[in-house]
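Participant: Structure below; questions to follow.
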Amino acid sequence: MKFFIFKKETFIFLLAIGIMLTAVSAWFLLKAGDAAVFNQQDYNGKVREIHMVTAEFKTTLKNGKQLEAYRWDPGTIFIEKGEKVHLYINGINGQNHPFHIEGTDIKGTVTKGEETMVPLQFNKEGTYRLICELHSSREHNGPMIAYIVVD
Ligand SMILES: [Cu+2]
(Lines give C-alpha, C1' and ligand atoms only; values in the text may rest on other atoms or scores of the structure.)
Protein backbone atom coordinates (compact mmCIF):
# COMPACT_ATOMS: atom_id res chain seq x y z
CA MET A 1 0.00 0.00 0.00
CA LYS A 2 1.25 3.40 -0.97
CA PHE A 3 0.52 6.65 0.80
CA PHE A 4 1.03 10.08 -0.58
CA ILE A 5 2.54 12.23 2.05
CA PHE A 6 2.77 15.92 1.26
CA LYS A 7 5.01 18.41 2.84
CA LYS A 8 3.26 21.55 4.09
CA GLU A 9 4.79 23.58 1.22
CA THR A 10 3.52 21.11 -1.40
CA PHE A 11 0.04 21.22 0.09
CA ILE A 12 -0.06 25.04 -0.06
CA PHE A 13 1.25 24.94 -3.64
CA LEU A 14 -1.49 22.50 -4.74
CA LEU A 15 -4.13 24.55 -2.92
CA ALA A 16 -2.97 27.70 -4.72
CA ILE A 17 -3.18 25.94 -8.11
CA GLY A 18 -6.67 24.70 -7.23
CA ILE A 19 -7.85 28.21 -6.34
CA MET A 20 -6.37 29.62 -9.55
CA LEU A 21 -8.10 26.98 -11.71
CA THR A 22 -11.42 27.68 -9.98
CA ALA A 23 -11.00 31.43 -10.50
CA VAL A 24 -10.12 31.01 -14.21
CA SER A 25 -13.12 28.72 -14.90
CA ALA A 26 -15.43 31.06 -12.98
CA TRP A 27 -14.18 33.97 -15.10
CA PHE A 28 -14.90 32.08 -18.35
CA LEU A 29 -18.34 30.99 -17.12
CA LEU A 30 -19.28 34.55 -16.12
CA LYS A 31 -18.00 35.87 -19.42
CA ALA A 32 -20.16 33.38 -21.34
CA GLY A 33 -23.11 34.42 -19.18
CA ASP A 34 -22.56 38.08 -20.04
CA ALA A 35 -22.61 37.28 -23.74
CA ALA A 36 -25.95 35.51 -23.37
CA VAL A 37 -27.55 38.34 -21.41
CA PHE A 38 -26.19 41.24 -23.44
CA ASN A 39 -26.26 39.66 -26.90
CA GLN A 40 -27.77 42.92 -28.17
CA GLN A 41 -24.13 44.07 -28.30
CA ASP A 42 -23.52 41.51 -31.04
CA TYR A 43 -25.50 43.88 -33.28
CA ASN A 44 -22.94 46.69 -32.83
CA GLY A 45 -21.98 47.76 -36.30
CA LYS A 46 -24.44 45.34 -37.86
CA VAL A 47 -27.93 45.89 -39.21
CA ARG A 48 -30.74 44.34 -37.22
CA GLU A 49 -33.81 43.03 -39.05
CA ILE A 50 -37.36 43.58 -37.85
CA HIS A 51 -40.26 41.97 -39.69
CA MET A 52 -43.79 43.33 -39.89
CA VAL A 53 -46.95 42.45 -41.84
CA THR A 54 -50.09 44.30 -42.88
CA ALA A 55 -53.10 42.71 -41.19
CA GLU A 56 -56.86 43.16 -41.26
CA PHE A 57 -59.54 42.81 -38.58
CA LYS A 58 -63.09 42.16 -39.85
CA THR A 59 -66.43 41.75 -38.14
CA THR A 60 -70.15 41.88 -38.99
CA LEU A 61 -72.59 43.73 -36.74
CA LYS A 62 -76.05 42.34 -35.85
CA ASN A 63 -77.58 44.70 -38.43
CA GLY A 64 -75.38 43.14 -41.13
CA LYS A 65 -73.02 46.08 -41.36
CA GLN A 66 -69.39 45.10 -41.86
CA LEU A 67 -66.54 46.72 -39.98
CA GLU A 68 -62.89 46.38 -40.85
CA ALA A 69 -59.61 47.83 -39.64
CA TYR A 70 -56.17 47.51 -41.17
CA ARG A 71 -53.15 47.22 -38.86
CA TRP A 72 -49.39 47.06 -38.91
CA ASP A 73 -48.32 43.98 -36.96
CA PRO A 74 -46.45 44.24 -34.61
CA GLY A 75 -47.93 47.61 -33.70
CA THR A 76 -44.94 48.75 -31.63
CA ILE A 77 -41.23 48.22 -32.25
CA PHE A 78 -38.23 49.28 -30.15
CA ILE A 79 -34.96 50.62 -31.56
CA GLU A 80 -31.83 51.91 -29.84
CA LYS A 81 -30.81 55.48 -30.60
CA GLY A 82 -28.30 55.34 -33.49
CA GLU A 83 -28.98 51.66 -34.18
CA LYS A 84 -29.26 50.57 -37.82
CA VAL A 85 -32.38 48.54 -38.54
CA HIS A 86 -33.88 47.14 -41.71
CA LEU A 87 -37.65 47.04 -41.29
CA TYR A 88 -39.21 44.49 -43.65
CA ILE A 89 -42.95 44.91 -44.18
CA ASN A 90 -44.79 42.05 -45.87
CA GLY A 91 -48.06 43.02 -47.60
CA ILE A 92 -50.69 40.45 -46.57
CA ASN A 93 -54.07 42.18 -46.20
CA GLY A 94 -55.14 45.25 -48.20
CA GLN A 95 -54.01 46.05 -51.75
CA ASN A 96 -51.84 49.13 -51.05
CA HIS A 97 -50.61 50.95 -47.97
CA PRO A 98 -48.83 54.21 -48.80
CA PHE A 99 -47.06 55.28 -45.61
CA HIS A 100 -44.79 57.86 -44.04
CA ILE A 101 -42.98 58.07 -40.71
CA GLU A 102 -43.88 61.23 -38.82
CA GLY A 103 -40.98 63.62 -38.17
CA THR A 104 -38.81 62.06 -40.93
CA ASP A 105 -38.54 62.08 -44.74
CA ILE A 106 -39.21 58.35 -44.83
CA LYS A 107 -42.08 57.23 -47.04
CA GLY A 108 -43.05 54.33 -49.26
CA THR A 109 -45.79 51.87 -50.15
CA VAL A 110 -46.52 48.33 -49.04
CA THR A 111 -48.31 46.26 -51.71
CA LYS A 112 -50.11 42.95 -51.28
CA GLY A 113 -47.83 39.97 -51.94
CA GLU A 114 -44.68 42.08 -51.84
CA GLU A 115 -42.08 42.91 -49.22
CA THR A 116 -40.97 46.50 -48.67
CA MET A 117 -37.67 47.18 -46.89
CA VAL A 118 -37.39 50.42 -44.92
CA PRO A 119 -33.89 51.33 -43.63
CA LEU A 120 -34.12 53.02 -40.21
CA GLN A 121 -31.67 54.92 -38.03
CA PHE A 122 -32.81 57.54 -35.52
CA ASN A 123 -30.42 59.96 -33.86
CA LYS A 124 -33.06 61.44 -31.56
CA GLU A 125 -35.00 59.61 -28.89
CA GLY A 126 -38.75 59.64 -29.08
CA THR A 127 -41.79 57.81 -30.38
CA TYR A 128 -42.22 57.98 -34.15
CA ARG A 129 -45.51 57.04 -35.81
CA LEU A 130 -45.57 54.86 -38.94
CA ILE A 131 -48.81 56.05 -40.54
CA CYS A 132 -50.70 54.47 -43.45
CA GLU A 133 -52.12 57.38 -45.44
CA LEU A 134 -55.14 55.38 -46.67
CA HIS A 135 -56.13 53.97 -43.26
CA SER A 136 -54.99 56.64 -40.82
CA SER A 137 -58.12 56.76 -38.65
CA ARG A 138 -61.21 54.84 -37.55
CA GLU A 139 -63.27 56.56 -40.30
CA HIS A 140 -60.83 55.20 -42.91
CA ASN A 141 -60.66 51.57 -41.73
CA GLY A 142 -57.83 52.21 -39.31
CA PRO A 143 -56.07 53.45 -37.37
CA MET A 144 -53.21 51.80 -39.23
CA ILE A 145 -50.49 53.36 -37.11
CA ALA A 146 -47.44 51.64 -35.64
CA TYR A 147 -45.22 53.16 -32.97
CA ILE A 148 -41.44 53.15 -33.32
CA VAL A 149 -39.98 53.74 -29.85
CA VAL A 150 -36.39 55.02 -29.96
CA ASP A 151 -34.43 55.13 -26.69
CU1 LIG B 1 -53.20 50.86 -44.93
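Participant: Give the cross-link partners of LYS112 among the lysines, using a straight C-alpha distance below 19 Å as the criterion and excluding same-chain residues fewer than 8 apart.
Facilitator: Straight-distance partners of LYS112: LYS58.
Participant: Per-residue accessible area for ASP73 at 1.4 Å probe radius, Å² rounded to 10?
Facilitator: Approximately 90 Å² of ASP73 is accessible to the 1.4 Å probe.
Participant: Continuing with the same structure: At a Cα cut-off below 22 Å, give the lysines reachable from LYS107, other chains included and same-chain residues fewer than 8 away excluded.
Facilitator: LYS81, LYS84, LYS124
Participant: Suppose every Lys and Arg Cβ carries +1 and every Asp and Glu Cβ carries -1, with no other charges. What dipole size does the range 40-147 come out with about its Cα centre, to the nearest 20 debye?
Facilitator: It comes to approximately 300 debye.
The values are calculated or read from the model by the stated rules, or taken from the named source; none is laboratory data. Here the structure is a predicted model, which means the values were calculated and not measured. All Cβ positions, glycine included, derive from the backbone under ideal geometry; neighbour counts span all protein chains shown. These accessible areas exclude ligands, DNA and RNA; they are computed on the full protein's heavy atoms, side chains included. Shrake-Rupley method; radii C 1.70, N 1.55, O 1.52, S 1.80 Å.
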